[in-house]
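Okay, so here's the structure we're looking at.
The values are calculated or read from the model by the stated rules, or taken from the named source; none is laboratory data. Since the structure is predicted, the reported quantities are computational estimates derived from the model, not experimental observations. Here Cβ is always computed from backbone atoms with ideal geometry, including for glycine, and neighbour counts include all displayed protein chains.
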Amino acid sequence: MCSCSRWRKSNYPNINPSIIQDTMKKLFVMVMAALMMTGMASCGNNTEKSESVETTNDAVTEEVAPIKDNLTLGREFLAENAKNDSVKVTESGLQYMVLKEGNGAKPGPTDLVTVHYTGTLIDGKVFDSSVERGEPATFPLNKVIPGWTEGLQLMSEGSKYRLFIPSELAYGEKGAGEDILPNSTLIFDVELIKVEKQK
């Protein structure tokens, strides 16, 4: 028993307590450093997520802004345009100016009409023109935008009108193609060439 007891003591020498304390301190410092690094990484991810959300919000705002601007600009334009003595305004808000009065037949809401036209935005940019193509357009009057359906029924064959069409009587919030943005007010110079009555 004595010899065995001596072997154990000789193989497990006494450890200096200060060494244990130093080791524990080092371990504590390492653990704290690891936790801090994890926290910083987490904060970094949160920052990236926050920046991503802000970027998305900015993109949405940039898309919505032109739509609101078009609506506001259009209304301001029409309000100012209505002050012109040559401009008439209907109950729907459609505005028109008689450039030339004809003496032919007037179309009904479902009649076939043949016209020459040039369409522009309020800034003067031309987005469509049968005149430039050199070929008039023929279509049923109930298959076009509301501003056209209403405006052309005011005209007689041989007439030429300028129509100022609010966005709600044109393409509204959807717009059309690349040139006609949502909520765009449109201007058309329209010459009514022919009316074909439909039964």
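Descriptive notes on the structure:
- Considering (1) modelled with pLDDT of 95 or more; (2) touching a helix residue (DSSP H, G or I) at 6+ places or on another chain (Cβ under 9 Å), the lone condition that Lys100 does not fulfil carries the number (2).
- Considering residues of segment 154-172 that are in contact with a helix residue (DSSP H, G or I) (Cβ under 7 Å, 6 or more places away or on another chain) and either hydroxyl-bearing (Ser, Thr, Tyr) or part of a loop (DSSP other than H, G, I, E, B) (or both) only, the residue farthest from Asn84 (Cα to Cα): Ala170
- Members of segment 91-108 found to be within 29 Å of the chain's Cα centre (by Cα) and under 30 Å from Lys199 (Cβ atoms), listed by number: Glu91, Ser92, Leu94, Tyr96
- Pairs are defined by a Cβ separation below 6 Å, a sequence spacing of at least 6 or placement on different chains, a first member in segment 158-181 that is without any contact (Cβ under 8 Å) to a residue 12 or more places away in the chain, and a second member that is not in a helix (DSSP H, G or I); the pairs so defined are Gly175/Leu181; Gly175/Pro182.
- Test: Gly102 is touching an Asp or Glu at 6+ places or on another chain (Cβ under 6 Å) and in a loop (DSSP other than H, G, I, E, B): yes
- Qualifying position, being touching a strand residue (DSSP E or B) at 6+ places or on another chain (Cβ under 7 Å), over 19 Å from Asn142 (Cα atoms) and basic (Lys, Arg), among Lys88, Lys125: Lys88
- For the residues Glu150, Glu135, the requirement of being in a loop (DSSP other than H, G, I, E, B) and among the charged types (D, E, K, R) singles out Glu135.
- For segment 164-198, filtering for residues that are of a type outside the set (A, V, I, L, M) and crowded, with 23+ Cβ neighbours inside 10 Å leaves 6.
- Residue match in segment 151-160 (condition: over 14 Å from Gly104 (Cβ atoms) and either at pLDDT below 95 or in contact with a Phe, Trp or Tyr (Cβ under 8 Å, 6 or more places away or on another chain) (or both)): yes
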